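Working notes, structure below.
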Amino acid sequence: LSYFDIFDYPLTPMEIWKWLYVGDQAEIPELKEVMLFDVMTLCQESAWLKNHIEEQDGFYFLKGRKGIVTIRQQRYLWAEDKFHRAMKVIKWLRWVPFVRMIGVCNTLAYNNSRRGGDIDLFVITSRHRTWQVRFWVNSILKLLRLRPTAENTQDKLCSSFFVDIDHVYLEKLAIQDDIYLPYWVTQVYPVYDEGAYTTFVQANEWVRQALPNWLPIEPVGRRQVKAYRWAKRMKELFFFFLPESLFRAWQQKIMPENLRAMANKDTRVVVNDSVLKFHDTDRRQSFLEQWRVRKGEALKVT
């Protein structure tokens with residue numbers, strides 16, 4: 001509850017159980033065996049807990065934060081619209097050669113996007129095809145005038161994270177005591193998928209150390225773009241012969257100076273033939289500190 005309070009997001013008992021964070025207490029066996037019934041019982045009957053949390057309309061939140069229930073309900077409506085917009089574009093992006101999965105990530109993935117927010121994409125590519133996929137994806141978005149700018153981010157599509165199918169293991173990108181990345185991994189929503197999401201889930205079982213009750217996402221029809229088997233390889237027949245080095249050289253040449261300076265210095269900007277991650281503004285340390293403060297303040301409430 002303290003973590004999701006950062007994002008003004010109250011939780012249902014099911015969500016509390018699914019996203020139960022055990023962190024450095026992962027070695028305690030009882031924490032790995034918590035059932036949904038246990039969470040519901042605690043929320044409803046624990047006198048101690050009632051001094052720290054409140055409930056409204058089936059949502060639980062830190063004491064004094066009742067207003068975020070309305071915020072969550074409003075943001076769900078905005079998220080519905082943004083998912084609809086994202087799917088219209090992803091129907092075009094699925095024809096990009098060597099795309100294996102296009103997922104929505106960050107706050108929109110769990111229906112908590114602000115009205116003026118953009119739509120963040122996470123893309124999995126074929127082996128050693130990240131540069132080519134990024135080139136075509138960004139070219140299409142630019143042609144459609146859908147890339148975010150400093151002046152306008154609302155409903156724009158931000159494609160700043162590409163990994164190939166052999167490098168979907170993401171723990172190596174964690175910062176010290178990273179609480180954000182495990183949640184991020186569990187929330188990636190696979191809108192278009194050629195089977196890569198299963199590989200992604202299997203490669204990131206490490207998140208269960210922090211979130212033992214993680215449930216992989218099963219997309220609903222209205223938020224899923226179909227993959228046609230006959231088209232998966234046909235779209236790559238011509239592009240197979242275009243060298244990856246060509247796309248790498250061009251994009252490195254036009255890369256903004258700030259990203260060039262930050263590249264591979266830490267996990268904010270990662271640039272190689274298998275992972276392209278351009279998060280020059282990385283707020284994970286801030287989220288970690290905010291979570292610790294909120295948790296401490298919540299426990300002081302009497």
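The values are calculated or read from the model by the stated rules, or taken from the named source; none is laboratory data. These numbers come from a predicted model, not from an experiment. Here the Cβ is made from the backbone with ideal geometry for all residues, glycine too, and neighbour counts use every protein chain on show. For accessibility, only protein heavy atoms count, side chains too; no ligands or nucleic acids. Shrake-Rupley method; radii C 1.70, N 1.55, O 1.52, S 1.80 Å.
What the table shows:
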read-out: Pair list, Cβ under 6 Å, 6 or more apart: segment 189-205 residue of a type in the set (Gly, Ala, Ser), other residue in a strand (DSSP E or B); value: Ala196/Arg100; Ala196/Met101; Ala196/Ile124
read-out: Residue match in segment 9-28 (condition: over 25 Å from the mean Cα position of the chain (by Cα), closer than 22 Å to Pro182 by Cα and either of a type in the set (Lys, Arg) or surrounded by fewer than 20 Cβ atoms within 10 Å (Cβ to Cβ) (or both)); value: yes
read-out: Filter result (closer than 14 Å to Gln224 by Cα and open to solvent by 70 Å² or more (accessible area, probe 1.4 Å)) within segment 68-86; value: His84, Arg85
read-out: Selection within segment 32-68 - assigned to a helix (DSSP H, G or I) and of a type in the set (Ser, Thr, Tyr); value: Thr41
read-out: Considering residues of segment 107-121 that are outside any strand (DSSP E or B) and surrounded by 22 or more Cβ atoms within 10 Å (Cβ to Cβ) only, the residue modelled with the lowest pLDDT; value: Ser113
read-out: Checklist (1) more than 29 Å from Glu218 (Cβ to Cβ); (2) open to solvent by 40 Å² or more (accessible area, probe 1.4 Å); (3) in contact (Cβ under 8 Å) with a residue 60 or more places away in the chain applied to Gln132, failing item; value: (2)
read-out: Single condition Pro243 does not satisfy, out of (1) under 14 Å from Gln132 (Cα atoms); (2) buried (at least 16 other Cβ atoms within 10 Å of the Cβ); (3) at pLDDT below 95; value: (2)
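Residue by residue, here is whether (1) modelled with pLDDT under 95; (2) touching a strand residue (DSSP E or B) at 6+ places or on another chain (Cβ under 9 Å) holds:
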| site | (1), (2) |
| --- | --- |
| Gln187 | no, yes |
| Thr198 | no, no |
| Asn204 | no, no |
| Arg229 | yes, no |
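Yes or no, residue by residue, for (1) open to solvent by less than 40 Å² (accessible area, probe 1.4 Å); (2) under 30 Å from Trp48 (Cα atoms); (3) not small (Gly, Ala, Ser):
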| site | (1), (2), (3) |
| --- | --- |
| Leu237 | no, no, yes |
| Gln251 | yes, no, yes |
| Ala261 | no, no, no |
| Asn264 | no, no, yes |
